[in-house]
Amino acid sequence: MIKTFFSFMLVALFFSGCAYTTKNMVPYDAKSIYVELFSNDTYRKSKTDKTFRKDIDNVLTDELMKKLMQDGSLKVTSKDNADLMLEGRVVYYCKDPLRYASITSDLVDEYRITIRAVFTLTDLRTNKVLIKDEEVYRVKDYYVSGTSMSTEDSAVKQASEDLAKYIIIKVVEGW
């Protein structure tokens, strides 16, 4: 009886095991991709509103094309020659104070930026949407004083690089 129970448990554990798998979102015969300029859907209620970031669409699109070229699994090309199209929107940008110089100070030492985007991947040969409105985001913290100081532009570039890398992984590897 005990031997049967352990045999059953061993078989159950074997078949319920966990394994990592990737689902390639790109059809096996797709060789090229067109990256449309992402739109900038961040908005500004007033001149002091922190949710608007000029040119974030250009920065993210440039990083996407760089990451695709580095990956090498798809050739970046014009829309007329592409098998796939990657398009999207930057839907959110926020710059929040993270750390102040002191408890009584209004001087900010560290900020956190958040960039959120939505993207769609389409097979242009069949007009089939492979990924629809996938929402992704990345955050980046940066110091504005001290030995590790940086600029908002530098932080935006780094966050865009991370976001582009994440999007390409989701497109190419399907994670």
Could you order peptides 103-111, 67-75, 30-38 by the average number of other Cβ atoms within 10 Å of their residues, highest first?
30-38, 67-75, 103-111
With 0.36 nm assigned to each residue of separation and the Cα-Cα distance removed, S102 to T77 gains 3.9 nm
A student applying the Cα gyration tensor rule (rounded when a/c is under 1.5; otherwise prolate if a/b is larger than b/c, oblate if not) would label segment 24-172 prolate
If you place +1 on the Cβ of every Lys and Arg and -1 on the Cβ of every Asp and Glu, how big does the dipole about the Cα centre of segment 24-172 come out, in debye to the nearest 20?
120 debye
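Read-outs throughout are calculated quantities, based only on the coordinates presented, and are distinct from any laboratory measurement. Keep in mind it's a predicted model, so treat the numbers as computed, not measured. Note that we place each Cβ from the backbone using ideal geometry, even for glycine, and neighbour counts take in every protein chain shown.
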